[in-house]
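A short write-up of the structure that comes next.
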Amino acid sequence: RNLNTASGSYGELYEALITDRLASISTKASDLGTLYTILSRIAFYMFEHDAPSLTADEVRRVYGTYYEEYGIHRDPLRLIADLKDAQIFTEESGNIRFRYPYYYQFFVARYFRDNIAATDSTTESAKLRRTLTDMADRVYYEEYVRILVFYLYFTKDNAVIDQLIRNTEQIYATVTPSDYEADVTFINRLYVEAPKPLALPSTEVEENREEIQIG
């Protein structure tokens, strides 16, 4: 498939790649929304349980909660097989995981996006908000950074953005911003004239080798 990647945004590029993969196993457009929701729940379950992979029973359990809420039936084992065909999932020794880390991080962020403002569960919303706050305070953890990048692509959440800016200001509070003049004077002093062009000696190769060996 030819993907439209003209915009070039980090989030948009990954969303295009993932949507293309899911479209390869979807018979109709409405299936995409279902797959996105189920995958977001699976990813967040892994995030909450700090699990790099899940068993088929665990995937079935996560799907069960989705079915109870939406009443949309899909065979979990068939779903796993389809997602493996789409190269979203991979399986090793009976354990199922996302094929690439950014798939997992993308869907975790999407779960936050879909549930952070849930009007029917203020408790869940507050819990997710606390988790985002903790993540924004720990951006030295690469997984958190990547999830936050996707989350901010989805939401432009000003609360998280402001928190990241405040943390940055605290980290660099005692550091004087560079003026790009005095701070690079020592480099400028190294440049006294334009470098001369390189030229190979005009003597024969064998003669050069002999001279080096004798020397």
Ignoring everything but the protein chains, give the 1.4 Å probe accessible area of residue 13 in square angstrom, nearest 10.
60
Per its Cα gyration tensor (rounded if a/c is under 1.5, else prolate when a/b beats b/c, else oblate), segment 73-152 is best filed as oblate
With n ≥ 4 as the cut-off for DSSP H runs, can you work out [θ] at 222 nm for the chain, using -39500 (n - 2.57) per run divided by the number of residues, rounded to the nearest 500?
-19500 deg cm²/dmol
Linear extension gain, residue 175 paired with residue 50, 0.36 nm per residue minus alpha-carbon span
41.4 nm
If the reach is capped at under 26 angstrom between alpha carbons, list the lysines near residue 84, excluding any in the same chain fewer than eight residues apart.
28
What are the lysines whose alpha-carbon lies under 27 Å from the alpha-carbon of residue 127, with same-chain residues fewer than 8 places away excluded?
156
Positive-pole candidate from 173, 103, 45, dipole of the chain, charges at beta carbon
45
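How high is the FRET efficiency between residue 68 and residue 149 when r is their beta carbon distance and R₀ equals 35 Å, given to the nearest 0.05?
FRET efficiency, residue 68 to residue 149: 0.65.
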Where does helix 101-115 land angle-wise versus the long Cα axis of the chain, in degrees 0 to 90, nearest 10?
50
Using a probe of 1.4 angstrom, how much of the accessible area of the chain is carbon and sulfur, in percent?
52
Under a 5 Å amide H to amide H cut-off, with H placed in plane at 1.01 Å, what residues pair with residue 54 once short-range neighbours are removed?
96, 97
Any chance you could run the full-extension gain for residue 188 through residue 127? It's 0.36 nm times the residue separation minus the Cα-Cα distance, nm to one decimal.
16.6 nm
Is segment 128-204 rounded, prolate or oblate when judged by the Cα gyration tensor, a ≥ b ≥ c being the square roots of its eigenvalues, rounded requiring a/c under 1.5 and prolate requiring a/b larger than b/c?
prolate
Could you sort 185, 90, 174 by accessible area so the largest value comes first, with the probe set to 1.4 Å?
174, 185, 90
Accessible area per residue, 1.4 Å probe, Å², for segment 29-165: what's the number?
52
Hey, in the GNM for the chain with a 10 angstrom Cα cutoff, which one of 182, 51, 117 fluctuates hardest?
182
In the set (i) 26.7, 87; (ii) 21.7, 70; (iii) 16.0, 48, which value of Rg and Dmax of the Cα atoms in Å was calculated from the structure you see?
(i)
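The values are calculated or read from the model by the stated rules, or taken from the named source; none is laboratory data. All values derive from a computational prediction rather than experimental measurement. Glycine also receives a Cβ, built like all others from the backbone with ideal geometry; neighbour counts cover every protein chain displayed. When the accessible area is computed, the model is the full protein with side chains, heavy atoms only, and any ligands, DNA or RNA have been set aside. Shrake-Rupley method; radii C 1.70, N 1.55, O 1.52, S 1.80 Å.
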